[in-house]
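Undergrad: Dumping the structure here so I can ask a few things about it.
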């Protein structure tokens, strides 16, 4: 799958590049320094296969570090807080509610710092060959540091690192990786990152990690990331496991069959738990969301079956991406609309807003716009064979039908449950809805701006 490279801007004004591959539950990949997107995802080689496999069943988001590759190349601040803010900028730009994270090398510490700062967002951690505390980076047993080598020769430092990551060769791969790494960032940024790595210390954050963690290490790894460092991380994170992989290559993208198997099984455990949690028990309080595409019948008559179906597939893609990103359960699709449920009113509202923003972005450049109504209600529906029935569901459907294209309408109970959560509502007064004797007070959810 060809990655789509996009950009966002951090709170301190730095441009960050990121790539997305695949569809499904989000997995945010934070690479070690000097790893540009093209280096990580080399086309026609093992890295391409590695990320294609990770992208099967997942929406893989690869964050390019500041100062590297397509991201802004020269920056002053490479502190831990800056790296956490970079990841935060990408997740906010994509409106991700909850996601797994995968980091290697110094990015292990970045993922740990992010998970400690945002425990409500991170569902699982995959940590490869990293460290929670790092001393001076030295080349094997020599007294000279990597910083000293980098000051003498940027390319020599890259070659030194490449030889450590591929100790068994082949020499052509070592040389090519050294060249690619050398081009990924400048001499100045290389030295800044070496200094950053030497001062990493997130040991105190390890006991605060609230999600499960998978700590991976290659048994014959000859880089500066020792198995003892991985053991320390696994020992201090409350819910973690350490898995050692055979071989001596320091990167997960190579010799990756066992790596992929262990990672996908670990992530799958979390997704099964989410699915089980989303299976509503009888009498469970749920927020129900309906969508409806404006004028779908007229659309088919005007565009023809094939073109109209293509447009509806885009609607389905946008809705399903939003549901997966915000923990929604798709209950059924009616061709031109969806019915979904949420265990959280906050997630349901965030999902509705994300949908309308995604449709608005699509409509800016699309020759044929997609205008969608969204309606929300909350209550205790009747559960039967993984479907929901009853008054709460019927009212949500009627509210959706009453909405204008591009509008989100919610019942009064939704507004009351969301009080103090940061959403903006506009009281639209009472409306008489089909099948309901008493008028229903409705509120518009503001999503623009």
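A short reminder: the numbers here are calculations on the coordinates, not readings from a lab. Predicted, not measured: the structure shown is a model, and the values here were computed from it. Here Cβ is always computed from backbone atoms with ideal geometry, including for glycine, and neighbour counts include all displayed protein chains.
Undergrad: If I fit a long axis through the Cα atoms of helix 171-184 and take the longest principal axis of the Cα atoms of the chain, what angle between them do I get, 0 to 90°, rounded to 10?
TA: On a 0 to 90 degree scale, this one is about 60.
Undergrad: Still on this structure, please answer the following. I want to check the label-to-label distance for residue 188 and residue 448. Put each point 7 Å from Cα in the C-beta direction and report it in nm to one decimal.
TA: 4.3
Undergrad: Between the range 386-408 and the range 200-269, what's the alpha-carbon centroid distance in Å?
TA: For the range 386-408 versus the range 200-269, the Cα centre distance is 45 Å.
Undergrad: Between 315, 326, 118, where does the largest GNM mean-square fluctuation fall for the chain, given springs only between Cα atoms within less than 10 Å?
TA: Comparing 315, 326, 118 in a Gaussian network model of the chain, the most mobile one is 118.
Undergrad: In 5 Å bins starting at 0, how do the alpha-carbon pair distances of the range 279-445 split up by percent?
TA: Answer for the range 279-445: a P(r) of 1, 9, 19, 22, 20, 15, 9, 4, 1, 0 percent.
Undergrad: Using alpha-carbon pairs under 8 Å, 6+ residues apart, how would you state the relative contact order of the range 4-276 in percent?
TA: On the way: 537 pairs, mean separation 53.5, N = 273.
Relative contact order comes out at 20 percent.
Undergrad: Mind checking the angle between helix 391-402 and the chain's longest principal axis? C-alpha axes, 0 to 90 degrees, to the nearest 10.
TA: 90
Undergrad: Now for a separate question. For the range 304-321 and the range 8-78, what is the separation of their C-alpha centers, rounded to whole Å?
TA: Each part's Cα centre sits 28 Å from the other's.
Undergrad: Given the Cα-Cα distance of residue 203 and residue 117 and 0.36 nm per residue of separation, how much length would full extension add, in nm?
TA: Numbers: separation 86, 0.36 × 86 = 30.96 nm, distance 1.40 nm.
Contour length minus Cα-Cα distance gives 29.6 nm.
Undergrad: Of all DSSP beta bridges in the chain, what percent run antiparallel (nearest 5)? Spell out each step's value before the answer.
TA: Values: 39 of 67 bridges.
If I count the DSSP bridges inside the chain, around 60 percent turn out antiparallel.
Undergrad: With no solvent and one point per C-alpha, what does the Debye sum give as log10 I(q)/I(0) for the range 29-113 at q = 0.13, 0.15, 0.18 Å⁻¹?
TA: These q points yield log10 I(q)/I(0) values of -0.42, -0.56, -0.82.
Undergrad: Related question: Based on the Cβ-Cβ distance of residue 307 and residue 56, what FRET efficiency does E = 1/(1 + (r/R0)^6) give at R0 = 30 Å, to the nearest 0.05? Mind showing how you got there, number by number?
TA: Working: r = 29 Å, r/R0 = 0.98.
The formula returns an efficiency of 0.55 here.
Undergrad: Taking 0.36 nm per residue of separation and subtracting the Cα-Cα distance, what length does fully extending residue 346 through residue 387 add?
TA: Working: separation 41, 0.36 × 41 = 14.76 nm, distance 2.14 nm.
Roughly 12.6 nm would be gained on extension.
Undergrad: Can you tell me the orientation of helix 227-236 relative to the chain, as the angle in degrees between its alpha-carbon axis and the longest Cα principal axis, to the nearest 10?
TA: Around 40 degrees separate the two axes.
Undergrad: Under the Kirkwood approximation for Rh and a Cα-based Rg, what ratio Rg/Rh is obtained for the chain?
TA: Values: Rg = 24.5 Å, Rh = 23.8 Å.
On the Cα set of the chain, Rg over Rh gives 1.03.
Undergrad: By how many nm would the segment from residue 77 to residue 365 lengthen if fully extended, with 0.36 nm per residue of separation less the alpha-carbon distance?
TA: Working: separation 288, 0.36 × 288 = 103.68 nm, distance 3.58 nm.
Answer, rounded to one decimal: 100.1 nm.
Undergrad: Could you work out [θ]222 nm for the chain from helices alone, using -39500 (n - 2.57) per DSSP H run of at least four and dividing by all its residues? Round to the nearest 500 deg cm²/dmol.
TA: That calculation yields -12500 deg cm²/dmol at 222 nm.
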